[in-house]
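In what follows, a single structure is set out as structure tokens and then discussed.
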Amino acid sequence: MKVAYWPGCVSRGFTPELHGAMEAVAPLLDLELIGIDRASCCGAGVIAEHNQELADTLNARTFALAAETPGELMMNICSTCQGAQSECQERLDASAEYRAEINTTLEAEGLAYEKGLVTNKNFLWLLVEEIGLENLKKKVKRPLTGLKVGPFYGCYIVRPTDRLGIDDENPRDQYMQMVIEALGGEVIDYAGIYKCCGFPIITMNKKASLQMAGTHLADATDADADCLVVPCPLCHLNLDLQQPMAAAEIGRDLSMPVLHLPQLVGLALGLDNKALGLQRHVIKPTSVIDWSTAVIGSTVEAGW
Amino acid sequence: MPEYTLRLRRYDPETGEAPHYEDFKVELEGHRSVLEAILQVRNEQDGSIGVRCSCRAAICGSCGVRTNGKAGLACHTHLDAAAKNSKHGENVIVVEPMGNMPIIKDLIVDMEEVHWKKIRRVTPWLVAKEPVPEREYIVPHAAMVDVTQTMACIQCGACVSDCMTMEMDPLFVGPAALAKAYRFVGDPRDAEQGQRLKDLSEDPHGIYDCTHCFQCIEACPKGVAPMSQIMRLRRRAGSDFHIDDRNNGHRHEMAFIKNIRKNGLLHEADLLPDSYGGKFHPRAVPELLSSLPVVLRALKTGKVTVKKALLHEHKASPEIKRIFDTVENREVRLEYNLYISGNEDDLADDPADTTGGTATATLAPPVVEAPAVEAPAEPAAVETPVEPAPVAEPAAEIDTEAPAEGEPTEGDTQ
Ligand code: SF4
Ligand code: SF4
Ligand code: SF4
Ligand code: SF4
Ligand code: FES
């Protein structure tokens, strides 16, 4: 399946291993990623906070560019992109008059957004809804048997539920659990699954921000998780990159590896740690590596 | 009739007994409310259960509880809906007191410190603009429609209960009080808009302390969307009143905007110093030093290369710059508020339905955020509030059937 691929900025900036892992995993899932080249940042909610019309216009442009690719739908790998873009799309789809206003700005570039022009799905949604769990199971080469994985959704992909299309038919707030199980892993239930990592206030209230990250990491540790998995690179920044500071803030030793979703999928599909960029994390995913080497008889070279 | 297991969290500080859960069986139709089930249990099985309620119709705001972990009104939560997303077994409904507040008894919490005090803190009344007119103030209709969403608040505290910043920072002014603040900041009759905004921007627990987690939007039974009101406060404070707060909130926002305008994509290495006022701003120094370990960590793990940290790989296309310039140079900011204007499809599909969803849908043009006091001349059409303007007018007229205080009515709770 061809998808118009929106990696976002952070996956190419501070968490390049995410973009790399996605590119490595895609062919194994028969996904062809077609980059949306000229698109701009979705605004991560900050542009909308500054000027709603600006965020709506930039994202309408991204949708229009996505529609020009041969992709069947648009795929992102960042919860925050999903949330911010869904919010803009909700407004754009609500009123023809408003759309016309936005399109006046886009016209000069020969672009236009029409209602429902593209379906934009996070990789997580695409895994379950397009690829399908049964299909995914068949592709597993190295089941995550015995690996205890705590899902961490972050905010933008689960709230508000109606905007993100979470309902009985599409229990998108259960997909991570379903994927972990499909990959053969064990789901760890802990208090932080749907909480906020604190990233948005890291420059404004660092203490509270780090407390949030630290608390969720500690809860996962207490629940005996081997690692966490996130569908959002921004969550990854606060949970992994900032983990030493978060640990200091809550006064506890922490060493909880945090994996990006494509990395977890890649592991189960048989990719090696290096190809997935696991060495690029601040918290070395030792538990995950130990697990993987134990499973395949220590042929994987850790590499650090 | 279906049988439900009501699992109530019991706690009475006076007994010295630890909090615990107690199961009660109730037989009630699925469309009955969680509150009805609690009251039935209290009447028939255990008269000592503590719960607060009054109207039983989602109007008074006294019955806030957590049902299966989510805050809301007990009288506005149907048993079947609650049972459906239960993780605790078939037809098991767990009811707990709201979070972030001390418990008085069982489901009754003390809302004084985290709610009422904060509401009083934002000066929740109109500071009349002088001179007070002999008769009524004449104000742009659109400006009043703009604040109707915050007027719908019934002070139930559900948003405060689930607020994630509040969990870590109990001093945070919080979603309900900040939504209330917008009620007056958005009111053109108020004389102290600038002062209010200055106060709430400078407070380290004010508008820039919200972590954007959407919990308050999710919890609110009245569609107030406190987080959206906080974002409106930030827009007003930063763009209309140019308040440069000491919490770096506005700087961070502007650094982000500048960054995207310049690079098209976010360039984090630039963002950090810019958020603190640029590499050479005195405020940047301590913050940059304390973030240095983070950047070094990133460099060390190979997350970021020196080249990436120092050089720009992306340049925004002229198109992106053009969009920024076009939109940012408008005299008034365009804002489409779904609460007020609704989705035109819902209107087309079922014109009679005004109860479900967020609001009375009116086929209205996008809402123009009412400009601030100092803002340049308003479009003339905005000044004629009473005549219902033709819908096609691009001005800020809204159908006069705007939701009034307390609406939309929750007809489906009984
Ligand atoms: S949310 Fe983040 S990664 Fe996604 S486009 Fe926006 S800034 Fe970039
Ligand atoms: S958890 Fe943090 S980074 Fe992730 S979506 Fe929420 S605010 Fe964003
Ligand atoms: S969005 Fe802000 S105010 Fe609302 S619950 Fe989250 S932190 Fe609190
Ligand atoms: S904003 Fe909503 S949730 Fe918060 S107190 Fe008001 S009605 Fe309750
Ligand atoms: S009892 Fe009045 S709102 Fe529930």
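Things to note:
- Lys/Arg +1, Asp/Glu -1 at C-beta; segment A:21-158 dipole; positive extreme among A:Leu54, A:Thr104, A:Val25: A:Val25
- Cross-link reach is defined here as a Cα-Cα straight distance under 26 Å, omitting same-chain residues fewer than 8 places apart; for B:Lys129 the lysines meeting it are B:Lys117, B:Lys118, B:Lys180, B:Lys198.
- Measuring only protein heavy atoms, the 1.4 Å probe finds B:Arg9 accessible over about 60 Å².
- Segment B:3-109: C-alpha gyration tensor shape, a/c 1.5 cut-off, then a/b vs b/c: rounded
- Normalised by the number of residues in segment A:133-293, the mean separation of alpha-carbon contacts (under 8 Å, six or more apart) gives a relative contact order of 26 percent.
- Between 0 and 90°, nearest 10: helix A:96-106 axis offset from chain A longest Cα axis: 80 degrees
- Degrees, to the nearest 10: A:79-94 long Cα axis against longest axis of chain A: 20 degrees
- FRET efficiency, A:Glu68 to A:Asp162 (Cβ-Cβ, R0 35 Å, nearest 0.05): 0.75
- Distance in nm between pseudo-label sites at B:Ala81 and A:Arg142 (7 Å out along the Cβ direction from Cα): 4.6 nm
- Cβ-derived FRET efficiency at R0 45 Å, B:Glu134 paired with B:Tyr21, nearest 0.05: 0.15
- Prolate/oblate/rounded call for segment A:110-237, Cα gyration tensor, a/c under 1.5 rounded: oblate
- Sequence of B:Arg261, B:Arg135, A:Arg91, B:Arg333 when ordered by accessible area, the most exposed leading, probe 1.4 angstrom: B:Arg135, B:Arg261, B:Arg333, A:Arg91
- In this simple spin-label approximation, B:Asp345 and A:Lys207 carry label points 7 Å from Cα along the Cα→Cβ vector, and these lie 4.7 nm apart.
- Label sites at A:Glu114 and B:Glu90, each approximated as a point 7 angstrom past Cα along Cα to Cβ, lie 4.8 nm apart.
- Probe 1.4 Å, all protein chains present, accessible-area order of A:Asp56, B:Asp325, A:Asp222, largest first: A:Asp222, B:Asp325, A:Asp56
- Accessible-area rank, largest first, for B:Ile59, B:Ile93: B:Ile59, B:Ile93, with all protein chains present and a 1.4 angstrom probe.
- Shape of segment B:22-61 from the C-alpha gyration tensor: oblate (a/c of 1.5 or more and a/b not above b/c, with a ≥ b ≥ c the square roots of its eigenvalues).
- Here the peptides A:34-44, A:229-239 are ranked by packing, the mean other Cβ count within 10 Å, and the order with the highest first is A:229-239, A:34-44.
- Within straight-line cross-link reach of B:Lys25, lysines at Cα separation under 20 Å, skipping those fewer than 8 residues along the same chain: B:Lys84, B:Lys87
- The B:Ser317 and B:Gln195 beta-carbon pair, evaluated with R₀ = 45 Å, returns a calculated FRET efficiency of approximately 0.60.
- Most mobile of A:Lys138, A:Lys207, A:Lys148 in a GNM of chain A (Cα contacts under 10 Å): A:Lys138
- Label-reachable residues, segment A:74-92, where backbone N falls under 19 Å from a point 7 Å from A:Ile34's Cα toward its Cβ: A:74-77
- Given a 1.4 Å probe and the protein chains as shown, B:Thr15 ends up with an accessible area of around 90 Å².
- Under-18-angstrom lysine pairs by C-alpha in chain A, whenever the two are 8 or more apart or on separate chains: 7
The values are calculated or read from the model by the stated rules, or taken from the named source; none is laboratory data. Note that this is a predicted model, so its numbers are computed, not measured. In this analysis, Cβ positions are derived from the backbone assuming ideal geometry, glycine residues included, and neighbour counts consider all displayed protein chains. Only protein heavy atoms, including side chains, enter the accessible area calculation; ligands, DNA and RNA are left aside. Shrake-Rupley method; radii C 1.70, N 1.55, O 1.52, S 1.80 Å.
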